[in-house]
Every structure is written in C-alpha cells, then in structure tokens.
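Here's the structure, in structure tokens; my notes come after.
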Amino acid sequence: QVHLVESGGGLVQAGGSLTLSCAVSGSIFSINAMGWYRQAPEKQRELVAVITNGGSTNYADSVKGRFTISRDNAKNTVTLQMNSLKPEDTAVYYCSADVKYCPGSRCYTSRYWGQGTQATVSS
C-alpha cells in the first residue's frame, strides 16, 4: 500500500504565503511525477504544478511566478510554496504521486492521491 499525507494548509490574507507538504510512504520502488492539484467549490479539480523525478516542472498559468514546486527524492516528499496568494487560490489542495511498485516479478505504476488540505485566502 501507498499513503500520501499532506500538511500545511490554513487561512491566510491575500498577499500572504503558505507552504504545503506531502510525504509518500509505503511499498515504493520509485516515484515518477509528483504534483499538486486543487479543487474549488463547484469547480473541477485542476492541475496546479507538477515535477518529474528529474526536476522538470510545469505550472498552471494562473500560478506561474507565484508558486514553486519542489521535491526531495531521498525523503519521498513534495512541497508547494505559495506566495502572493489571492482569494481565487482558495481551494482544497491535493498532492499526487505516480508510484512504481513491484509486488513480485512484475512492476506497476499507479497514481495515488492525498486526502486534501484546505487553503483559504481572505481578501
């Protein structure tokens, strides 16, 4: 089994910062891409940022220049630093990890999700 545990959400005023962290544990052979998604009320879940195991990153246009994604491959963690927050950034943030696991002679890759953490930005 694989578990993702997020932390770091909360309430902040517009212009402020929050740091979200996600730790991956369990039966892991390796982790490919790791990412952060968010879902605001009555909206679909959307990609915020993604980082490959080689460190390449991609961001949603709405967060470019304000958010930074990073990962620690030795600790199996991914972090999202969110600066210059806006009320429209308010959402539940979910981390994801594309985990390769090998229960026997064969290996598989599946995407796992965290439980979500609420980030609220007041105006």
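Restricting everything to alpha-carbon atoms, can you work out Rg to Rh for region 1-42 with a Kirkwood hydrodynamic radius? Don't skip to the answer; put the middle values down first.
Details: Rg = 13.8 Å, Rh = 12.9 Å.
Rounded to two decimals, Rg over Rh is 1.07.
More than 14 angstrom separation, counting every C-alpha pair in region 51-123; what % is that? Walk me through the intermediate numbers first.
Values: 1829 of 2628 pairs.
Cα-Cα pairs of region 51-123 separated by over 14 Å account for 70 percent.
Along each of its three principal axes, how wide is the spread of alpha-carbon positions in the chain, in whole angstrom units, largest first?
54, 26, 23
Give the total of Lys-Lys pairs in the chain with Cα-Cα distances below 23 Å; include a pair only if its members are 8 or more places apart or on different chains.
Lysine pairs meeting both conditions in the chain amount to 4.
About its Cα centre, how strong a charge dipole does the chain have in debye, to the nearest 20, once Lys and Arg get +1 and Asp and Glu get -1 at the Cβ? Don't skip to the answer; put the middle values down first.
Values: 11 positive and 8 negative charges, 52 e Å.
It comes to approximately 260 debye.
Largest first, how would Ile51, Ile28 line up by accessible area (1.4 Å probe)? Don't jump to the answer; show the numbers that get you there.
Details: Ile51 10, Ile28 45 Å².
If we order Ile51, Ile28 from most to least accessible, we get Ile28, Ile51.
Rg over Rh of region 47-93, using C-alpha atoms and the Kirkwood radius, what does it come to?
Values: Rg = 11.3 Å, Rh = 11.5 Å.
So for region 47-93, dividing Rg by the Kirkwood Rh gives 0.98.
The values are calculated or read from the model by the stated rules, or taken from the named source; none is laboratory data. Model, not experiment: these values are computed from the prediction. Note that we place each Cβ from the backbone using ideal geometry, even for glycine, and neighbour counts take in every protein chain shown. Heads up: the accessible areas ignore ligands, DNA and RNA and are worked out on the full protein's heavy atoms, side chains in. Shrake-Rupley method; radii C 1.70, N 1.55, O 1.52, S 1.80 Å.
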